[in-house]
Amino acid sequence: MQFPSLAQLKKELALFDDKELIELISELAKFSRDNKAYLFFKLHEKESPHLFVEMATEELELEFQKANTQHRYYAKKSAQAIRRKMNKLLKLSKRKEDQIEVILFFCERLKEYGYLKHRHPVIQNLFDIQIGKVEKLISALHEDLQYDYGVRLEEFQRN
C-alpha cells in the first residue's frame with residue numbers, strides 16, 4: 001500500500017473547511033496518547049512557553065523516584081527505561097531550548113540518584129551520548145544562548 005506524500009496531504013487538507021479540520025484533528029488525537037500530548041502542547045505553548053519543560057521534568061522525576069538503583073543491573077535497566085520515556089517526550093517539542101533543558105535534567109538526575117556510581121559501561125555510555133546530544137543542540141542555537149548553555153554544561157561536567 002502506497003501512502004501519499006506530505007505535500008499531497010497538505011493540498012488535500014487545504015480544501016477542508018474549519019469544522020472538518022477540527023473534526024479530523026480530534027479524531028487523530030483519539031488514536032494515540034502521543035498525538036493527544038502533542039496537540040495539548042501545541043495548543044498551550046503560546047500561553048506558557050515552559051509548560052513542556054515543567055511537565056516533562058515532572059514526569060521524569062516520578063520515574064527516577066520509582067526506579068530501582070540497588071543493583072547495577074536494575075540501575076541500568078531503569079536508566080534505559082527512563083531514557084526511552086525522555087526520548088518519547090522530546091518528540092513532542094521542536095524547540096531546541098526545551099530539549100536541552102530536559103536532557104540536562106535527565107543527566108543531572110542520573111548523577112544525583114547515583115546511577116554513575118555503579119560504573120556500568122552502559123550507563124556511562126548512555127550519559128555520554130546525552131551530553132553529546134546537548135552539545136550538538138547547543139551548537140545550533142544563537143550565540144548568546146550557546147554561551148549560556150555552554151557555561152551551564154561546563155559547570156555540570158565539573159561537578
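No value in this document is a laboratory result; all are computed from the given coordinates. The structure presented is a predicted model; accordingly, all values stated were derived computationally and were not measured. Note that we place each Cβ from the backbone using ideal geometry, even for glycine, and neighbour counts take in every protein chain shown.
Only one of (1) free of Cβ contacts under 8 Å to residues at least 12 places away in the same chain; (2) farther than 26 Å from Arg119 by Cα; (3) out of contact with any helix residue (DSSP H, G or I) (no Cβ under 7 Å at 6 or more places or on another chain); (4) part of a helix (DSSP H, G or I) is not met by Asn35, so which one is it?
(3)
Taking the range 95-111 on its own, how many of its residues are assigned to a helix (DSSP H, G or I) and under 16 Å from Tyr38 (Cβ atoms)?
Number of matching residues: 3.
Which of the numbered conditions does Leu92 fail, given that it passes all the others? Conditions: (1) under 25 Å from Tyr38 (Cβ atoms); (2) of a type outside the set (Asp, Glu); (3) within 15 Å of the chain's Cα centre (by Cα); (4) part of a helix (DSSP H, G or I).
(4)
For the range 4-57, name all the residues that are under 21 Å from the mean Cα position of the chain (by Cα), acidic (Asp, Glu) and surrounded by 11 or more Cβ atoms within 10 Å (Cβ to Cβ).
Asp34, Glu45, Glu54
Filter the range 147-159 down to the residues that are farther than 20 Å from Leu110 by Cβ and either surrounded by fewer than 14 Cβ atoms within 10 Å (Cβ to Cβ) or in contact (Cβ under 8 Å) with a residue 40 or more places away in the chain (or both) and list them by number.
Listed by number, the residues that qualify are Tyr147, Val151.
If a residue has to be assigned to a helix (DSSP H, G or I), over 15 Å from the mean Cα position of the chain (by Cα) and surrounded by fewer than 18 Cβ atoms within 10 Å (Cβ to Cβ) to count, how many in the range 63-84 make the cut?
Residues in the range 63-84 being assigned to a helix (DSSP H, G or I), over 15 Å from the mean Cα position of the chain (by Cα) and surrounded by fewer than 18 Cβ atoms within 10 Å (Cβ to Cβ): 6 in total.
Return the residues of the range 103-131 that are under 15 Å from the mean Cα position of the chain (by Cα) and not hydrophobic (A, V, I, L, M, F, W, C); say none if nothing qualifies.
Of everything in the range 103-131, those that are under 15 Å from the mean Cα position of the chain (by Cα) and not hydrophobic (A, V, I, L, M, F, W, C) turn out to be Glu108, Arg109, Gln130.
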